[in-house]
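A quick write-up on the structure given underneath.
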Amino acid sequence: MRFTSTCTIPPNSPALGKWLEIVYLVVPTVNDNPKTIEAMAKWLVKVAGPYIPLHFSRFFPAYRLKNLPATPISTLRRCRHIARQAGLKYVYVGNISGSDLASTYCPSCGQIVIKRDGYQILARNIKASGACRFCGTKIHGIW
């Protein structure tokens, strides 16, 4: 699969009060090919920059796709790893509970700055200025 664009996505701008995040539903045998994930992640870095959040969401069989299995957690971990290797700083895994893969990590020190479980925020380690409480690095977002 080839990713192209006739225009670039403007970088996220807290000054404008806008924040763009990408969600990618990982469906086994449909769009879980590592080369596709890598191409998409590299394209996102190129057109939107390394700080655009990317969420890999776990698929569960339903409606017209009941014949496919749920996305294995190992596949989601692999997708996250590939996207991070491509240069994306904020990559998340969703639709699994009890995992730190949905949390936000500081791209400098690696500490969890926002700990999530499902839709709950369990810890927030970001200063009022939007910086990591542990090392002071700017955490991209609208705070």
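The values are calculated or read from the model by the stated rules, or taken from the named source; none is laboratory data. All figures in this text were calculated on a predicted structure; none of them were measured in a lab. Positions of Cβ are backbone-derived with ideal geometry, glycine not excepted, and every protein chain shown enters the neighbour counts.
Below, the figures for the structure above:
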item: In segment 105-131, residue farthest from K42 (Cα to Cα) [restricted to those that are of a type in the set (K, R) and either outside any loop (DSSP other than H, G, I, E, B) or in contact with a helix residue (DSSP H, G or I) (Cβ under 8 Å, 6 or more places away or on another chain) (or both)]; result: R124
item: Residue list for segment 56-104, restricted to those being assigned to a helix (DSSP H, G or I) and on the phi > 0 side of the Ramachandran plot; result: Y63
item: Only one of S97, S74 that is modelled with pLDDT under 95, assigned by TED's automatic domain parsing to the domain that holds N31 and under 27 Å from V30 (Cβ atoms); result: S97
item: Cβ-Cβ under 7 Å pairs, at least 6 apart or on other chains, segment 87-114 side closer than 17 Å to G49 by Cα, far side basic (K, R) and modelled with pLDDT of 95 or more; result: V91/R80; V91/R84; P107/K89
item: Residue match in segment 44-54 (condition: in the same structural domain as D32 (by TED's automatic domain parsing), in contact (Cβ under 8 Å) with a residue 60 or more places away in the chain and in contact with a Lys or Arg (Cβ under 7 Å, 6 or more places away or on another chain)); result: yes
item: Residue in segment 100-122 that is surrounded by fewer than 17 Cβ atoms within 10 Å (Cβ to Cβ) and in contact with a Pro (Cβ under 8 Å, 6 or more places away or on another chain) present; result: no
item: Those residues of segment 4-39 which are surrounded by fewer than 12 Cβ atoms within 10 Å (Cβ to Cβ), at pLDDT 95 or above and not in a loop (DSSP other than H, G, I, E, B), in sequence order; result: V23, K35
